[in-house]
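A short write-up of the structure that comes next.
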Amino acid sequence: MRSTSPTPDEVPSLPRLLGRLAIGLTVLFVAVAALGYAFAEPIERVSAVFLEHFGRAGLFAAVFIMDAIPFTTHEPVLFLAYTGGVTFWQVFGLAGTASVLSGILGWTMGRVLARWRWLGDLFERSQVGPFLRRYGVVAIAAAALTPFPYAITTWGAGMVGVRIEHLMIGALFRYPKVLFYLTIMALGWEATTP
């Protein structure tokens, strides 16, 4: 019977993940520039309504929750906050901190879900578990920086027993990711709006 554990060569490589990041940033810049060119005024109105109803606390809560749930992304919330008038550095500070702290929630979910053997098997077959065991903090930092789903990594870290301190060191790399993405969005927005 063949083992279901992947070999080290089957574990995703860091250069491949970084290539995905470059593609993602390029697509993000073009998309924001196109939105700014075609729909600046309606976007600013929607953003103002978002901030009027939810404020900066809403920005923090939305990023915290979205980054703890697999297959969601917080970039639209950053975009709404920035185009609604929250300063660049306020968006960065609130969103970065919320994103880092969401790693604790994801890790805790992973610890709880580790009791379900079928889910642990899924993480093994999908190579998330082996990737985390092989690279540790570097794997978490890579997921924090790249388009790889951050929540899947934090859940996986909890499931395979990565120490919370290691998770938090890797999670700090959410700050540069938020900074990169927010910078790309701000540059794209400012390039096409008056």
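For the reader, a short list of remarks on this structure follows.
- Checking each residue in the stretch 142-162 for being among the hydrophobic types (A, V, I, L, M, F, W, C) and more than 11 Å from the chain's Cα centre (by Cα) picks out TRP155, ALA157, MET159, VAL160, VAL162.
- Of the helices (runs of 4 or more DSSP H) lying entirely inside the stretch 44-125, those containing at least 3 residues that are of a type in the set (Gly, Ala, Ser) are 88-113.
- Of all residues in the stretch 116-141 being of a type in the set (Val, Ile, Thr) and crowded, with 22+ Cβ neighbours inside 10 Å, the one that is farthest from the chain's Cα centre (by Cα): VAL128
- No other residue among ARG16, ARG56 is of a type outside the set (A, V, I, L, M, F, W, C) and either within 18 Å of LEU182 (Cα to Cα) or surrounded by 13 or more Cβ atoms within 10 Å (Cβ to Cβ) (or both) apart from ARG56.
- Among the numbered conditions (1) surrounded by 15 or more Cβ atoms within 10 Å (Cβ to Cβ); (2) touching a Phe, Trp or Tyr at 6+ places or on another chain (Cβ under 8 Å); (3) in contact (Cβ under 8 Å) with a residue 60 or more places away in the chain, the only one that TYR181 does not meet is (2).
Any read-out appearing in this document is the output of simple, stated calculations on the displayed coordinates, not a laboratory observation. Quick caveat, the model's predicted, so the values are computed rather than measured. In this analysis, Cβ positions are derived from the backbone assuming ideal geometry, glycine residues included, and neighbour counts consider all displayed protein chains.
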